[in-house]
Structures are given as C-alpha cells and as structure tokens.
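The values are calculated or read from the model by the stated rules, or taken from the named source; none is laboratory data. Here the structure is a predicted model, which is why all the values come from computation and not from measurement. Here the Cβ positions follow ideal geometry from the backbone for every residue, glycine too, while neighbour counts run over all protein chains shown.
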Amino acid sequence: MSTTRHLINRRRRTAPPAGESPAAARRQSASAVRARPRTRPAARPAESAAKQGPVPARRPRGGGGDRGAGSAAPARGGRLTAALGAAAVLLGCFAAFAAVQASGGDDPAAENAALVDAPLTSEVKGGVGEAVEAVFSVDYTDLDENRQAARTYLTGKAVGQHRQMLADVREQAPSQKLVLTTTVTDSAVELADDGAARVLVFADQRNTRTDTDETSYGAAMVAVDAVKDDGRWRISNIDTFG
Amino acid sequence: MSLRKNPLLALALVAVALAAVLAAWAGTSWYAAADDDAADFAASRDDALAAARQAVTNLNTLDHRDLDEGLDRWEASATGELLTQLRQGRDGFEKEVRKAETVTTAEVLSAALTELDDRAGRADVLVAVRITVAAPGEKPQAKQSRMLGEVTRTGDGWKLSALGQAPAGDSAGGNASEGSGEGSGQGADQGSGSDSGRAGEAGQ
C-alpha cells in the first residue's frame, strides 16, 4: 500500500514539468483571462510551484519528504492551498472592483431624482407651486394673509428676498386697494432629492387697483430653491434673474 | 489530506468562501446598478436638457454679419416640424435681418424638463432665456422670455422639434411691460442687466 503510493509520488516528482499538473495550468490560464493585469502576480505561487515541480527539495510547504509515505497528500494540499489563496485574492479584487462600480459615486445624474422619481417630482411641483401662489398674492383687505403665507412657505434667504420684492405692493395696497393674484402656469423640476429641490416656475400675475378699477397683467418667471421642512416644501431662495 | 492536519488549507478555504460571498454580493449589486433603468433615464434626462439649452441658445442667436452660418446653426439645432418651419421661413427672415442689421444674443437663465418619454425619445422643456437685441445706433435691448419647447431624439442627438413663448394665461395678448412689483418685469425694464455676476452678456 505505502510502497505504491511512494512509487506514484516519485513518478509524479520526476515527471516532466509540462505534464506535471495540467489542472493547475488550466486553472492558471482561466484565471488569467478573468483577472486584470494587476491581479496576475497573485497567480504566481502556482506558477512557480509548477516550475519547481522536478526538484523535490524545493516543494511547497507541507514537508512531504520528512514524512515519507504521507508526503503525497500534504504536497497536494500545499498546491491546493496556493491555488485557493490565489482564487481568494482574485475574488477579493473582483468584489472590490464591483463594489466601486456598483456604488456609482461618480455619476451625478443618478443622484438627481427629478423626473426619475415621479411621485417626488410631482410632490415638489405641487408644493412649490402652492408656495409661490401664496406668497405672491396680496389682498388689501387681508394683508395678514400674505404675512402668514410668508411665515408658512418661506425660509432662510427667501424671507428677506420676498419682503423686498413685495415692499411696494404691500405699502400701496391699502391706499390703492390692490389685489395681486399670482397663478402658476408652468413649472419644471430641475433638481430634486429627498430634502431639496430647484424648480423653474412660470406664473401669471394679475394686479388690480380696486380704487381706479385698473388691472395690469404680468408674466413672471422665477427659479426657486426649496427645502422640505416638517413635511412641507418651503422656498429657501428666489431667483428672479434680475 | 484532512483539514485538521493542514490549518493553512483550512484558512485558504475559509478565505475563498468569504471572498466568493463578497464577490457574489458585489457582483450582483454591480449588475443591478449597471442595469438600472433609473440611471439610464437620468442620463437621458440630462442629455435632453443640455441639448435643449444649447438649441434654445442657438435659435435665439443671430448676427447679421454671419447670417448663413447663424441660420445653418439654427437648422442644425432643429428637427421635425420646427426644422420645416425654419427652412420655409429662412429666405424671408434673412432679408429682414440683413436690412435691420441686428445682432441677437441669448443666454439661458434656467431650464428644466417637464416630461420625458425616454422610449419614444421625446421631452418637453421649460426655458427661461434672456435675449439681447442690438441694432445699429441703438442701445441694446434685453428682454426675458419664457419658452416652452419640445426636444426629440434623432440619430444625431436630441434636437428641438418645437419652440414657442409660454402663453400668458390671464392677459390674452396683453403684455408684461407693466411690472407689478416683482417677477420678470423688473430685469427687462431696467435694460442692461443689473446682475453683473452673470457671464455671457456681451451686450454688443
């Protein structure tokens, strides 16, 4: 029993390198196809093991020679270990590469949910439209309504911008009996994510002086930044392209 | 070759198993990301919008000294119905501009898509644009314009297939010259833009 194994082992050791381990060679070429250049060094242990095949003393770990009859198994184990190690390295490299690709951190288009997320887009449109109509509508009979709308729908820089924009209207409203009505006619979401958005708004404005019964019309366009705050979209910046 | 006798082999096996699990997980998520319809849709959206911005700029830019080049650029930016209209009106328009000797420049202030049908290759777009017209012996006139456009995917990228002014709902033909305190009226009325931060306003 042990003698046969010994024989097989010796025959294997003395066999020409080319025929030594076809399986290992195959594995190697297969991995070379899959691997990127960088991972090639990982395959080297197997390669050198194959080259060293005919020299028993330089066999990979496992110390087969010392143990006589049991040498075949540890030697095969050593080669297997090396191959498994190489496979682990290759798989690891692939995993890292794939993970980087999957994260897609370098794709800004994917981060903007405008139109991609239809419910969010229409929520933004609706919320911002409601806000624009409310804060740009003034009725001389109830100036507090506009003040309240500003508190509800504006935040940050937009508070001051709005105050400045409506200063004249608010001042003249009582004496001229002004009614300013803003109606959003078109809007489009340029940027959107869960908490912030930018929307281009086209609106019609009707300004009526009730004292003289004169009405003027205005076609307005504004780009507003909005943030979601307490479940409500509030305008944080108003760009009138001035 | 028992694993107990060869701890290194055992370690290698564990490493391979671990790496295989990791690789499978990462590979699946890579596949999911690469195959992501949303990413494709987002890319189309950005392509269509960029093309719309450029086309609207082109179609509102014309120098009477380079009429042929300018009108060629118009046609290169358009497709479908709009292209037909441009070709039909080209001669008459050319004569007009040559006579008026105007130089028109445009700057897109803001733009966004309202709708995108990626499969059909069509999108609707809102564009806010500032158009400056310079005629000889006159101060350049700047006005802001609210435009609605439609872009269509062609073999040569997205192109404008329709473009027009957004209708002013309330006014029925009335104009916006009487600024009501805010909005577009202001900037246009004050002529040369007060916003010095913006580039591209050569003013001629």
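Listed values, structure above:
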{"read-out": "Test set (1) under 29 Å from B:Pro136 (Cα atoms); (2) of a type in the set (D, E, K, R); (3) out of contact with any Pro (no Cβ under 8 Å at 6 or more places or on another chain) - B:Arg119 fails condition number", "value": "(1)"}
{"read-out": "Hits in region A:164-193 (condition: within 30 Å of B:Ala48 (Cβ to Cβ), touching a strand residue (DSSP E or B) at 6+ places or on another chain (Cβ under 7 Å) and not charged (D, E, K, R))", "value": "A:Thr182, A:Thr183, A:Val184, A:Thr185, A:Ser187, A:Ala188, A:Val189, A:Leu191"}
{"read-out": "Scan of region B:105-130 for residues that are in contact (Cβ under 8 Å) with a residue 12 or more places away in the chain, more than 14 Å from every other protein chain (Cβ to nearest Cβ) and either surrounded by fewer than 20 Cβ atoms within 10 Å (Cβ to Cβ) or more than 20 Å from B:Ala76 (Cβ to Cβ) (or both), ordered by number", "value": "B:Gly121"}
{"read-out": "Test: residue in region A:221-233 that is more than 28 Å from the chain's Cα centre (by Cα) and in the same structural domain as A:Leu115 (by TED's automatic domain parsing)", "value": "yes"}
{"read-out": "Residue under evaluation A:Asn112, criteria (1) more than 8 Å from every other protein chain (Cβ to nearest Cβ); (2) under 32 Å from the mean Cα position of the chain (by Cα); (3) in contact (Cβ under 8 Å) with a residue 60 or more places away in the chain, criterion not met", "value": "(1)"}
